[in-house]
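Presented below is the structure to which this report refers.
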Amino acid sequence: MQADYILRGQVLSFTDTPFGGDSPEAAADLHEAVAIGGGKVLELGAWEGLRKAHPAAELVDHDDRLILAGFVDAHVHFPQTAIIASWGKRLIDWLNSYTFPEEMRFGDRSYADEIAGRYLDLTRSNGTTTMCSYCTIHPESVDAFFTAAQARGQRVVAGKTCMDRNAPDGLRDTAQSAHDDSAALIARWHGVDRLSYAITPRFSPTSTPEQLEAMGALWADHPDCLMQTHLSEQTDEIAWVKSLFPKARDYLDTYEQFGLLGARGLYGHAIHLEDRERARLREVGAALVHCPTSNTFIGSGLFDMAGLMAEGQRIGLATDTGGGSSFSMLRTMAAAYEVGQLRGTPLHAAQLLWLATQGSARALHMGDQIGNIAPGMEADLVVLDLASTPAIAQRSAGAKDLWEAVFATIMMGDDRAVAEVWINGARD
């Protein structure tokens, strides 16, 4: 197949995971150029060689900029876009003060359309090409998000948030309506173009046992769907869960007993895990999603990246918009580094980039489609300018290697570092 485009730059391709070895940088290869066509990565190699092999391709020369897979954000709440960076609350107060009043508005399809488009534009400008999003209880919010993503050609995951207790009037469904609405949305959207559905009970405190049972039954009927929820984010939340489910062995058991623990499960935060929970999550191959800016902003705690990785857990990285305080995966990587420092286990730049691309893609069971630049992968790419501001440029100029230069952009970069974004083989 002839390429549509050949991009020249420092093309980063992961060949292994950068966790577990002594040299994280050895998990990645650098190439001079990448050829893409038909929405896919065709070849990696030398610039001149690819030019000769694909003489009709449009040439895009990015000089020494870094070309890598588009960022994959494994846990977001697109309806919280307008309330991001709301001041100073613990989780439960934050939900009641900011989140629930805002989510009430998403029964209005025009408002849901507005925020969905705004969110996808903001995240694309920050280099994010795929995300897994909670919507609201309103089916209209799911329709709005998928419609906007479909128009942009994006690979995304989303689901109707289900909650039938401990939420305001007008923001609760029922066990039956949550099941039926979700089933209808799965039939309408799951597997259409680049869209996938995630069954979405918000978290145990906002679902009755009857609703959790209904969600487990729905997942059993649609095992190819993902299932996303929250787990062990804050200590007072865990105490609340224990009071609501006094017979449960632990927080995870409030999902497990209703069929909501499995390999295609995504468990956001997972900070304060007990030994049994860690063992069961690893045993089933579930994914844990690290949300560092959210965890520090709301004061939740410090994720045990090193310990969980050493156990063999599947881990993704996420902004958790809008509990997270940034739309940027660069800022999220920087926060993950800072959390690691506080635990005495700082992350290498290769590990941070892997988490934001291949790690999150694997968490979503899409590691063979997105999250890396390799032949056959979908052509979702981001081009990073490693000298995007004077402060970064002067630091990058003194870097002894690529990884030192990349680290400066991770720690100080923002949307100005994103020189170009490609989605499904098309330039933004």
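Data overview
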{"read-out": "Given (1) within 18 Å of the chain's Cα centre (by Cα); (2) modelled with pLDDT of 95 or more, number of the condition Glu274 does not satisfy", "value": "(1)"}
{"read-out": "Tally of residues being closer than 22 Å to Met1 by Cα, in contact with a helix residue (DSSP H, G or I) (Cβ under 9 Å, 6 or more places away or on another chain) and acidic (Asp, Glu) across region 16-69", "value": "3"}
{"read-out": "Some residue of region 167-190 being under 19 Å from the mean Cα position of the chain (by Cα) and either farther than 19 Å from Ala263 by Cα or of a type in the set (Val, Ile, Thr) (or both)", "value": "no"}
{"read-out": "Residues of region 197-226 that turn out to be closer than 19 Å to Asp250 by Cα and aromatic (Phe, Trp, Tyr), as a count", "value": "1"}
{"read-out": "Within region 413-428, considering residues that are in contact (Cβ under 8 Å) with a residue 40 or more places away in the chain and part of a helix (DSSP H, G or I), the one most open to solvent (accessible area, probe 1.4 Å)", "value": "Asp415"}
{"read-out": "Unmet criterion (only one of (1) within 22 Å of Met104 (Cα to Cα); (2) of a type outside the set (Phe, Trp, Tyr); (3) open to solvent by 50 Å² or more (accessible area, probe 1.4 Å)) for Arg188", "value": "(1)"}
{"read-out": "Single residue of region 14-26 satisfying the filter (surrounded by 21 or more Cβ atoms within 10 Å (Cβ to Cβ) and touching a strand residue (DSSP E or B) at 6+ places or on another chain (Cβ under 8 Å)) that is nearest to Leu381 (Cα to Cα)", "value": "Phe14"}
{"read-out": "Index of the failed condition, Ser294 passing every other in (1) at pLDDT 95 or above; (2) open to solvent by less than 20 Å² (accessible area, probe 1.4 Å)", "value": "(1)"}
{"read-out": "Residue within region 203-216 that is more than 24 Å from the chain's Cα centre (by Cα), assigned to a loop (DSSP other than H, G, I, E, B) and over 20 Å from Ala286 (Cβ atoms) present", "value": "yes"}
{"read-out": "Residues being open to solvent by 10 Å² or more (accessible area, probe 1.4 Å), hydroxyl-bearing (Ser, Thr, Tyr) and either modelled with pLDDT under 95 or over 19 Å from Arg165 (Cβ atoms) (or both) - total across region 197-237", "value": "1"}
{"read-out": "Residue pairs meeting the criteria (Cβ under 9 Å; at least 6 apart or on separate chains; first over 17 Å from His222 (Cβ atoms), in region 164-185; second of a type in the set (Ser, Thr, Tyr) and part of a helix (DSSP H, G or I))", "value": "Asp164/Ser177; Asp164/Thr206; Arg165/Thr206; Asn166/Thr206; Ala167/Thr206; Arg172/Thr206"}
{"read-out": "Residues of region 366-409 that turn out to be more than 30 Å from Val157 (Cα to Cα) and polar (S, T, N, Q), as a count", "value": "4"}
{"read-out": "Where Leu342 falls short, out of the listed (1) in contact with a Cys (Cβ under 9 Å, 6 or more places away or on another chain); (2) open to solvent by 10 Å² or more (accessible area, probe 1.4 Å)", "value": "(1)"}
{"read-out": "Strands (runs of 3 or more DSSP E) enclosed by region 249-366 - at least 2 residues per element that are farther than 29 Å from Tyr197 by Cβ", "value": "none"}
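One line per residue, one yes/no per condition, for (1) in a loop (DSSP other than H, G, I, E, B); (2) among the hydrophobic types (A, V, I, L, M, F, W, C); (3) open to solvent by 10 Å² or more (accessible area, probe 1.4 Å); (4) touching a Pro at 6+ places or on another chain (Cβ under 7 Å):
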position: Cys132; (1), (2), (3), (4): no, yes, no, no
position: Thr136; (1), (2), (3), (4): yes, no, no, yes
position: Ser141; (1), (2), (3), (4): no, no, no, yes
position: Phe145; (1), (2), (3), (4): no, yes, no, no
position: Ala158; (1), (2), (3), (4): no, yes, no, no
position: Asp164; (1), (2), (3), (4): yes, no, yes, no
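The values are calculated or read from the model by the stated rules, or taken from the named source; none is laboratory data. It should be emphasised that the depicted structure is a prediction, and the values quoted were computed from it without experimental measurement. Cβ coordinates were reconstructed from backbone atoms using ideal geometry, including for glycine residues, and neighbour counts include every protein chain displayed. Surface accessibility is based on the protein's heavy atoms, side chains included, excluding ligands, DNA and RNA. Shrake-Rupley method; radii C 1.70, N 1.55, O 1.52, S 1.80 Å.
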